[in-house]
Each structure stands twice: as C-alpha cells, then as structure tokens.
Amino acid sequence: MNDRAIGPVLINGEECAPADAAVSIFDIGFQRGYGCFEAMRTYDGCVFRLDQHLDRLEHSSDNLRIALPQRGLLEAWCVRVGGGGDGVLRVYVTGGLDPRHLGRDNVVVVYLEPVPDVPASVRLDLIEAPWHADGRVSELAGAKTLSYGPNLAATLGAKSRGFDDAALIGQNDVVLEGPTFSLGWVRDGILFTPSLDTHILASITRQATLETADRIGIPTEAGRYRSERLLEADEVFVMSTVKEVLPVTAVGPVSFVPGPVTLRLREGFKDLVATECG
Ligand SMILES: Cc1ncc(COP(=O)(O)O)c(C=O)c1O
C-alpha cells in the first residue's frame, strides 16, 4: 500500500517513509474515530484554497476540543508536502492517547496521495441518512470528523445495488449531500443546492462553484428541498475536491444527461483553479 503516498509522510512535522508511518493502536482516533481530517487538491504543487481548508480543520478540531498545532506550522507542512505536483493532500488529526486530555500525544499526519481516476459521470442511489445531523444541532454538526463509517457504508450499499454512490436524504425527505460530495442541480437555468443550515459539510468546491456561477451569470438558490425537486431537475451534478464538478446520469430510477449548465460550471471551476493556482 506504499503507493498511497507521493513522497514522504509528515507525522507531527517529522518526515517519515510511507512504509514506516504509523499511529498507535491506543489512539482514540483509531479506537473511536475521534479526530478530524481534510482532503485538498493540489494542482501542479499549488494547494487549492488552503486557507479555507485550514479554517474548516480548525472548526472541526474546535468542535472536537482537540488543540491543533499553530496555524503557521500546519500551513508550512501542507505547502511542503503539497508541493509534490498534482495530488490529493490529506491531513489527519487524531484525538491522542487520553480522552481526558484531548490532543495530548495526538498525531497530525500530512501526506500527498495520487489523484484517483475520476469517471466522467456518476449514478446515485437515493437513500435515507438517519445518522445525518440534517439541520439538528449537535456537538459535531459541520465538523469533518474521522467517523465516516455510515458514509462509507452508504457508498458501499449503493454500489451493491448497481449505483456508483449515494444521494443522502434526511427527515421530511430533505435533500442533503453525498457521502463525500455536495449535490447541485439545475432547473430552468437556475442552480439549486441544499443550504448549509441542513448541516451538510461546508464544501469548499460547492462554495467555489457558487462563486463560479455568479461569475458566469448562472442564478443560484440554496435552501431545503424535497427529493422530488432533485428528481424533476433538468441536470444534476456533484461537487467535491476530488470530483470537482461532475455530471450525474441517474438518481435512483430517474436518468439524466450531462447538461450545458453543468458543463459550463465544470469549465468555469477549472478556470477558477487556473486563476488561483496558475
Ligand atoms: C460529506 C461531505 N460532503 C461534501 C464534501 C465535499 O467537500 P469539499 O468540496 O470541501 O471537498 C465532502 C468531502 O469530503 C464530504 O465528505
């Protein structure tokens, strides 16, 4: 599995060969999924929206009450590892060895992963997500924690039913997000996306796509929408750091074709990356 990392892994800032990179089995990150993480895209050695990702990491670690290393240090580690070309820069923060002293003896891991193959489009199964914060207030709402078991199970369940991934629906049939991506759709030329008050992850790609839409003159609306709004859309797409803006060709039994607005957003997003990382 050493091909998972391009270049060295940083553990608390110390360079380590991927084969030697390890976390204690007593760490509550491993034992309880207590910790947080970020995944950022690097484009030719430039980390896209590093500041926004580190803001979100701070938000996650604040919610978990885990102290992070100084921002300048984290930033330097990301720039150092992210300088290795095109990749997915991963930052993991574990809870440490003692739940009474969160963040003591904890581990911050930073490494660069090769960009995985991304298909041209995805087919989504529509499923209920009773574990999702779904607008309810909870300690960890909006945090990107290590506890991704339910999300992974949703993806694997969708795959077992012949789809590529899942579209998660909350109580009262409200459209939320995917297990690792945000959702958007187009109806009558307007881009719709679930609002952040549904407590979906504050996706950086979703934010950049909304900015792109503003720039290229596509009206946008964020809110709480029932699943029929998604199923009646003209175009559907997903947004994430790894997938960027990617067309959806099925949601449950309903088929879609990649449409012109999605393609404009996809190109516009690439232009934004070129401007910020060029
Ligand atoms: C649940 C969830 N929603 C949305 C996203 C997309 O976020 P971003 O655009 O910051 O990658 C992710 C990314 O991993 C996610 O895990």
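Table for the structure above
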item	result
Qualifying residue in segment 233-253 (condition: under 20 Å from the mean Cα position of the chain (by Cα), more than 12 Å from the ligand (Cβ to nearest atom) and surrounded by fewer than 19 Cβ atoms within 10 Å (Cβ to Cβ))	no
Members of segment 211-224 that are more than 16 Å from the ligand (Cβ to nearest atom) and closer than 23 Å to Pro179 by Cβ	Gly223, Arg224
Pro150 being within 26 Å of Val261 (Cα to Cα), within 11 Å of the ligand (Cβ to nearest atom) and not charged (D, E, K, R)	no
Subset of segment 207-223 [in contact with a strand residue (DSSP E or B) (Cβ under 6 Å, 6 or more places away or on another chain), over 18 Å from Asp197 (Cβ atoms) and surrounded by 15 or more Cβ atoms within 10 Å (Cβ to Cβ)]	Thr209, Ala213, Ile218
Members of segment 157-177 found to be out of contact with any strand residue (DSSP E or B) (no Cβ under 9 Å at 6 or more places or on another chain) and either of a type in the set (A, V, I, L, M) or modelled with pLDDT under 95 (or both), listed by number	none
Total residues in segment 183-210, condition closer than 18 Å to Ser227 by Cβ, in a loop (DSSP other than H, G, I, E, B) and either touching a Cys at 6+ places or on another chain (Cβ under 9 Å) or within 11 Å of the ligand (Cβ to nearest atom) (or both)	2
Filtered residues of segment 18-30 (kept if under 14 Å from Thr145 (Cβ atoms) and surrounded by fewer than 19 Cβ atoms within 10 Å (Cβ to Cβ))	Phe30
Some residue of segment 59-73 being part of a loop (DSSP other than H, G, I, E, B), of a type outside the set (Val, Ile, Thr), free of Cβ contacts under 8 Å to residues at least 12 places away in the same chain and out of contact with any Leu (no Cβ under 6 Å at 6 or more places or on another chain)	yes
Thr180 outside any helix (DSSP H, G or I), touching a Gly at 6+ places or on another chain (Cβ under 6 Å) and modelled with pLDDT of 95 or more	no
Segment 242-268 residues that are over 18 Å from Phe192 (Cβ atoms), paired with ones that are in a helix (DSSP H, G or I) (beta carbon under 6 Å, 6 or more apart)	Glu244/Phe269
Test set (1) modelled with pLDDT of 95 or more; (2) surrounded by fewer than 19 Cβ atoms within 10 Å (Cβ to Cβ); (3) closer than 29 Å to Glu58 by Cβ; (4) among the hydrophobic types (A, V, I, L, M, F, W, C) - Ala141 fails condition number	(1)
Single match in Asp3, Asp55 (criterion: without any contact (Cβ under 8 Å) to a residue 24 or more places away in the chain and part of a helix (DSSP H, G or I))	Asp55
Residue list for segment 92-150, restricted to those being outside any strand (DSSP E or B) and aromatic (Phe, Trp, Tyr)	Trp131, Tyr148
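The values are calculated or read from the model by the stated rules, or taken from the named source; none is laboratory data. Not measured: the values here are computed from a predicted model. All Cβ positions, glycine included, derive from the backbone under ideal geometry; neighbour counts span all protein chains shown.
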